[in-house]
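Take a look at the structure below.
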Amino acid sequence: MNWKLRFYLTVMLFLFSASTLFAEYRAYELEVFDRIANTSRKVITSFSPSDFIQVNGGPQRIGIIIRASWICYGDTSLYKKVCPTPKAINPRFQQGDRVQIVLKKHLTDQWLGVIENSFFRPGLRSNVYGVRFTERGNLYTRYYESNLKKV
């Protein structure tokens, strides 16, 4: 077989195999605050938080808290839905549980909060929990399972 034929066969093989590849994207669960209507809502989107703010009225209109983020495989073209949040694996805490933060030398050490959501992060091999601190100005942040203790 001459080199030209071998080259064209290799190119054709590459082009046909490339059509089966998928992209990946990051998905976000956002808590969106409308400053004018004084309302909030939860949204799952593939828009980055900064893009979401710009598309939905700008920073004067809305504010955002990132509740969770994860990697999805595929794409969202043609109005496909974003992949769902990865469920926590054998979670120690459930939504609504009161927990105490156990992080020595951390600002939030010993704070009491309520679990709002949980999801699994494969890259970290850990469950991550979203905790709301209502007594601290309704602050929301995320913690690993090992940094929480049930109250």
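The values are calculated or read from the model by the stated rules, or taken from the named source; none is laboratory data. All of these numbers come straight from a predicted model, not from anything done at the bench. Because the Cβ atoms are built from the backbone with ideal geometry, glycine has one as well, and the counts that use them run over all protein chains shown.
Odds and ends about this structure:
- For region 142-151, a residue qualifies if it is buried (at least 17 other Cβ atoms within 10 Å of the Cβ) and of a type in the set (Ser, Thr, Tyr), and exactly one does: 143.
- Within region 76-107, considering residues that are closer than 14 Å to residue 143 by Cβ and aliphatic (A, V, I, L, M), the one nearest to the chain's Cα centre (by Cα): 88
- Note on region 1-105: enclosed strands (runs of 3 or more DSSP E) holding 1 or more residues that are free of Cβ contacts under 8 Å to residues at least 40 places away in the same chain, touching a strand residue (DSSP E or B) at 6+ places or on another chain (Cβ under 6 Å) and outside the structural domain of residue 127 (by TED's automatic domain parsing) are 24-34, 39-45, 62-73.
- Qualifying residue in region 131-139 (condition: at pLDDT below 95, within 16 Å of the chain's Cα centre (by Cα) and crowded, with 16+ Cβ neighbours inside 10 Å): no
- Which numbered condition residue 78 fails, given (1) closer than 20 Å to residue 31 by Cα; (2) modelled with pLDDT under 95: (1)
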